[in-house]
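The values are calculated or read from the model by the stated rules, or taken from the named source; none is laboratory data. What you see is a predicted model, and the numbers here were worked out from it, not measured in a lab. All Cβ positions, even for glycine, are placed from backbone atoms using ideal geometry, and neighbour counts span all protein chains on display.
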Amino acid sequence: MKHQPYLMDTIQREIVLDAIQEACHWRKWSLLAVHVRSNHVHAVVDADRSPEQVMTAFKAYASRMLNGSLLDPPGLTRWARHGSTRYLRDADEISAAVGYVVSGQGEDMAVYDQAAEERPERGEAFPGPRCPG
């Protein structure tokens, strides 16, 4: 490993979550779930591109937004060269992946769950991302 692991605090995780949502919005991809952890990100996306291309776009959007925040020193290396990607072939695989991303990783950090957006809770129109302090 050439660089120290990039560890994100609450603000950085929220920035990365916003960046992923923005990337999906502009590219017309359907973001089903994302969980930004302190040192990695899990996402489930329905896109017209390969998982590797989606991951590259997410890294670019997140880097651009993090750079703009001025929270990190210039030229910081944040992401590994690659990452784990896979195709989800049917509704059962998608459901299992969304469940893992949203609920299977321990404490919530910066989480988006499309299904939760579509079923309002406690009288809210759209509860939004879960980003505990």
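Take the stretch 74-117 and flag every residue that is in contact (Cβ under 8 Å) with a residue 24 or more places away in the chain, among the charged types (D, E, K, R) and closer than 23 Å to residue 18 by Cβ. Hits for the stretch 74-117 are 78, 107, 108, 113. Taking the stated definitions as given, is residue 6 surrounded by 13 or more Cβ atoms within 10 Å (Cβ to Cβ), under 19 Å from residue 116 (Cα atoms) and modelled with pLDDT under 95? Against the criterion (surrounded by 13 or more Cβ atoms within 10 Å (Cβ to Cβ), under 19 Å from residue 116 (Cα atoms) and modelled with pLDDT under 95), residue 6 does not qualify. For residue 27, the stated conditions hold: it is more than 13 Å from the chain's Cα centre (by Cα), modelled with pLDDT of 95 or more and either surrounded by 16 or more Cβ atoms within 10 Å (Cβ to Cβ) or more than 23 Å from residue 108 (Cα to Cα) (or both). Among the conditions (1) part of a helix (DSSP H, G or I); (2) under 12 Å from the mean Cα position of the chain (by Cα); (3) buried (at least 20 other Cβ atoms within 10 Å of the Cβ), residue 34 misses just one, which is (1).
Out of the residues in the stretch 1-53 meeting the condition of being hydroxyl-bearing (Ser, Thr, Tyr) and in contact (Cβ under 8 Å) with a residue 40 or more places away in the chain, tell me which one is farthest from residue 85 (Cα to Cα).
Step one: of the stretch 1-53, the residues hydroxyl-bearing (Ser, Thr, Tyr) are 6, 10, 30, 38, 50.
Remaining after also requiring in contact (Cβ under 8 Å) with a residue 40 or more places away in the chain: 6, 10, 30, 38.
Values: 6: 20, 10: 25, 30: 17, 38: 19 Å.
Going through the qualifying residues, I end up with 10.
Determine whether the stretch 50-67 contains at least one residue that is out of contact with any Asp or Glu (no Cβ under 7 Å at 6 or more places or on another chain) and in a loop (DSSP other than H, G, I, E, B). Yes, the stretch 50-67 has at least one match. Among the residues of the stretch 93-128, count how many are at pLDDT 85 or above, assigned to a helix (DSSP H, G or I) and either in contact with a Cys (Cβ under 9 Å, 6 or more places away or on another chain) or surrounded by 15 or more Cβ atoms within 10 Å (Cβ to Cβ) (or both). Result for the stretch 93-128: 6. Could you list, in sequence order, the residues of the stretch 2-30 that are among the aliphatic types (A, V, I, L, M), touching a strand residue (DSSP E or B) at 6+ places or on another chain (Cβ under 8 Å), over 16 Å from residue 44 (Cβ atoms) and not in a loop (DSSP other than H, G, I, E, B)? Correct list: empty.
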